[in-house]
Amino acid sequence: MIEHAVMLLLVEAPTGWTHLHAEFEPSSPGAPAAASATTPDGHPSPMDVPAEVLENLAEHQHRAAAAGAPWRRLILDCHSDGRLAVRTEPAKMPALRRSLVLVLTALTVGCLVAAAVVFAVDWRWGPPPRVEVAALPDPPPRQKETFAVISRWIDAENHADVARMRTLICTHPAPSVLSWLSSLQDYGQRQGLLVLDAVTRFRDAGSQVWVTVAVRVRPLSESQQQEVAAAQQEGGFFADEYTLDDDGTGLKVCDLSVVPG
């Protein structure tokens, strides 16, 4: 639900955004919500919050409360390189419930103190276990560059900005690229709006790069809606393949295809 809400928000983001910040309180009076996107010049730009976003988060809040993990406010930060951070602030408890929790907490602390005394006196202490924390390596620079190019391509595609897309293609693009540009030029974006999630495969051959990316789709047509509904049975992602060439000025899109299934 949160991922779907983020996807809907990103559709409203301005061209070239770098960071999106949003806060929601679905159960508060008026369901306050605020969202802004940082533009390339570093300034925040207020965004409209679609009603469907609030509906998704209200349902998420309801399910969280039913599962015993209620929250009052949800805060999310999304970066254009694919990083997403979500945190929640707990719901306020009624005074009587807070008092009961405080009493139970005091009893628990008392029991823990007693247990700690027995443990400290009777236990034979040994050296603490060592835990090694391994940080995941950053993606290589070329993969980051590829992600950035495809992000700009998808953003232009969502806005049917063919002129901007032409600045991102190589000197001799494949027929699939030219056909897609022609379709967008004639009919606009009528199938679905894409949200780039992650790079799933990457191969760098120097002057040429092959990459597969996972994307989500906000359908705009009935046929696309059926495809998205079918994809939800297997995680909701689509896979797109791109071939990019380096012409000496940077990576440019040369070929593209949608992976079947």
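The table below lists the values:
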item	result
Near pairs, Cβ below 9 angstrom, 6+ apart or cross-chain, from region 141-155 (touching a residue at least 24 places away in the same chain (Cβ under 8 Å) and aromatic (Phe, Trp, Tyr)) to any residue that is surrounded by 18 or more Cβ atoms within 10 Å (Cβ to Cβ) and assigned to a helix (DSSP H, G or I)	TRP153/MET165
Every residue from region 130-167 that is at pLDDT 90 or above and of a type in the set (Lys, Arg)	ARG142, LYS144, ARG152, ARG164, ARG166
Pairs with Cβ under 6 Å, 6+ apart, first in region 64-79 and under 23 Å from ALA37 (Cα atoms), second in a strand (DSSP E or B) and of a type in the set (Ser, Thr, Tyr)	LEU74/THR88
Residue within region 1-22 that is surrounded by 14 or more Cβ atoms within 10 Å (Cβ to Cβ), at pLDDT 85 or above and more than 21 Å from ASN158 (Cβ to Cβ) present	no
Residues within region 160-210 that are assigned to a loop (DSSP other than H, G, I, E, B), within 16 Å of GLN143 (Cβ to Cβ) and touching a helix residue (DSSP H, G or I) at 6+ places or on another chain (Cβ under 6 Å), tallied	0
Every residue from region 36-59 that is touching a Gly at 6+ places or on another chain (Cβ under 7 Å) and crowded, with 16+ Cβ neighbours inside 10 Å	THR39
Residue match in region 27-34 (condition: assigned by TED's automatic domain parsing to the domain that holds HIS79, on the phi > 0 side of the Ramachandran plot and among the hydrophobic types (A, V, I, L, M, F, W, C))	yes
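The values are calculated or read from the model by the stated rules, or taken from the named source; none is laboratory data. The shown structure was predicted, so the numbers you read here are calculated from the model rather than taken from an experiment. Cβ atoms come from the backbone with ideal geometry, glycine included; neighbour counts cover every protein chain shown.
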